[in-house]
Amino acid sequence: MMQFSFTPEQEELRSVLRRFLERQCPMDRVRAVMAGDPAGDEIWPRAAAELGLAALAVPEEYDGAGAGFVELAVAVEEWGRALAPGPLLATGVAAPATLLASGDSAACARLLPALAAAELTAAVALDATGQRPPAVTAVQHGDGWALSGQVPMVLDGLAADVVLVPATTDGGLLWFEVPATGLTREAVPAIDQTRQLANLYFAATPAVVIEAAEPHTILDRTVNVLITALAVEQVGIADRCLELTLGHVRAREQFGRPIGTFQAVQHRCAEMLLRLESARSAAYYAAWAVDGAPAELPRAASLAKSYCSEATAFITAETLQLHGGIGFTWEHDAHLYFKRAKADEVLFGSPAAHRELLGSLVGI
């Protein structure tokens, strides 16, 4: 049954993670990571060690926490709110979703405990432009397989230890596990410097097949789980931007009074709140559907991705505007949230693409 409020345990998870990120990942550290400081690499292992973050999506039978997706969504929202570096979406969300959906117990036993312990990071070779499946082919050589092709703009693909790859064979789609040492990677310059994207190149790259009865179903499931997580991340971004904006309009004075007392400013803040709460409802319905109503997930995920993308883009743009001149400077944090929002808006399909997909799913 769907819950319309967070449980005490979920609220505690939110509180603990927010305090952790305020302490370990202030915005000056985010900016240092943007500048190439490797100190940001410590945040993910520390979050895994101190909070068990890497284990949330992993079942207990594979040494994980066995939490539900709503708990994972709470963590993703806080991670996005802080613009924290680290492979949460790839290693903590997409990779476990792919492995668990495959039903390959050997692959799960081989990879999930290491993911849960943060001893291993993983990426899923999904084209961030939304192409399904990516342009990779697989050919069998004796007992092994070799992959050829490339996948552009793979989320957290630059530093992952292992990559899970959907590839086309003569017999159809299959999934493969590829050690990162066997492929070529290059960083992709992006408007959002707080997140890593990479182009992956396969040239007769050795791979281990992941046994799965319905590879296309795994692909759809992974993408839907990932765009649901992106929608929740966008809620965290929007929530932080509204908080920053309210703090500014209460403190900034013009004509002898805070600008937040002017009705025109109040109307704009109220519109930001309306869109934030609507986005939160859409995102967390999709998050609930991951476990609670899997058949509804494709519709809920596309709806959430479409609405949350546009709502967060609007809220971050209003944040810039309502901060006035300071909001447009490099020194202020507003532009970092705006850039993340614009990047998230097009990752794995634009709002227009997801509305079109949603229309086809509901028969319009």
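The values are calculated or read from the model by the stated rules, or taken from the named source; none is laboratory data. Not measured: the values here are computed from a predicted model. With ideal geometry, Cβ positions are generated from the backbone for all residues, glycine too; neighbour counts draw on all protein chains shown. Just so you know, the surface numbers come from the protein's heavy atoms only, side chains and all, with ligands and any DNA or RNA stripped out. Shrake-Rupley method; radii C 1.70, N 1.55, O 1.52, S 1.80 Å.
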> Between ALA49, PRO351, VAL136, whose Cα lies farthest towards the positive end of the dipole of the chain when Lys and Arg beta carbons carry +1 and Asp and Glu beta carbons carry -1, centred on the Cα centre?
Replying inline: PRO351
> Sorted by average packing, counted as other Cβ atoms within 10 angstrom per residue and highest first, what order do 347-355, 96-104, 10-18 take?
Replying inline: 96-104, 347-355, 10-18
> What is the distance in Å between the Cα centres of segment 228-253 and segment 306-364?
Replying inline: 12
>> Leaving out ligands, DNA and RNA, and with a 1.4 Å probe, what % of the accessible surface on the chain is carbon or sulfur?
In response: 56
> Taking 0.36 nm per residue of separation and subtracting the Cα-Cα distance, what length does fully extending SER148 through SER105 add?
Replying inline: 12.9 nm
> Using a simple charge model, +1 on the beta-carbon of Lys and Arg, -1 on the beta-carbon of Asp and Glu, nothing else, what dipole does segment 279-364 show about its Cα centre, in debye to the nearest 20?
Replying inline: 120
>> Using a 7 Å offset from the Cα along the Cα-to-Cβ direction at both ASP41 and MET27, what is the distance between the two label points in nm, to one decimal?
In response: 2.7
> What fraction, in whole percent, of alpha-carbon pairs in segment 222-364 exceed 17 Å separation?
Replying inline: 60
> Using the Karplus equation 6.51 cos²θ - 1.76 cosθ + 1.60 (θ = phi - 60°), what ³J(HN,Hα) coupling, rounded to whole Hz, does each residue of segment 215-232 give in order, writing x for Gly and Pro?
Replying inline: x, 5, 5, 4, 4, 5, 4, 4, 4, 5, 5, 5, 6, 5, 4, 4, 4, 5
>> Explain nothing, just the number: dipole magnitude of the chain about its Cα centre with +1 on each Lys and Arg Cβ and -1 on each Asp and Glu Cβ, in debye rounded to the nearest 20.
In response: 1200
> Can you give me the Cα centroid spacing of segment 87-156 and segment 7-31 in angstrom?
Replying inline: 28
> For the pair ALA352 and GLN266, how long in nm is the line joining their label points, each one 7 Å along Cα→Cβ?
Replying inline: 3.8
>> Let me check against my output: what whole-number percent is the relative contact order of the chain, with C-alpha pairs under 8 Å and at least 6 apart?
In response: 15
>> Using +1 at the C-beta of Lys and Arg and -1 at the C-beta of Asp and Glu, which of HIS248, ALA213, PHE176 has the Cα lying farthest in the positive direction of the dipole of segment 170-252?
In response: HIS248
> In terms of the Cα gyration tensor, with a ≥ b ≥ c the square roots of its eigenvalues, is segment 1-112 rounded because a/c is under 1.5, prolate because a/b exceeds b/c, or oblate?
Replying inline: oblate
> Applying 1/(1 + (r/R0)^6) with R0 = 51 Å to the Cβ-Cβ distance of ASP220 and ARG257, what FRET efficiency is obtained, to the nearest 0.05?
Replying inline: 0.40
>> Order TYR285, TYR337, TYR62 by their accessible area, 1.4 angstrom probe, all chains in place, largest first.
In response: TYR285, TYR62, TYR337
>> Using the Cα centre of segment 191-252 as the reference point, and only Cβ charges (+1 on K/R, -1 on D/E), how large is the resulting charge dipole? Debye, rounded to the nearest 20.
In response: 420
> Once the dipole of segment 198-346 is set up with Lys and Arg at +1 and Asp and Glu at -1 on Cβ about the Cα centre, which of TYR337, LEU274, ALA264 lies farthest towards its positive end?
Replying inline: ALA264
> What shape does segment 170-293 take by its C-alpha gyration tensor, where a ≥ b ≥ c are the square roots of the eigenvalues and a/c under 1.5 counts as rounded, a/b above b/c as prolate, and the rest as oblate?
Replying inline: oblate
> Rounded if a/c is under 1.5, else prolate if a/b is larger than b/c, else oblate: which is segment 92-230, with a ≥ b ≥ c the root eigenvalues of its Cα gyration tensor?
Replying inline: rounded
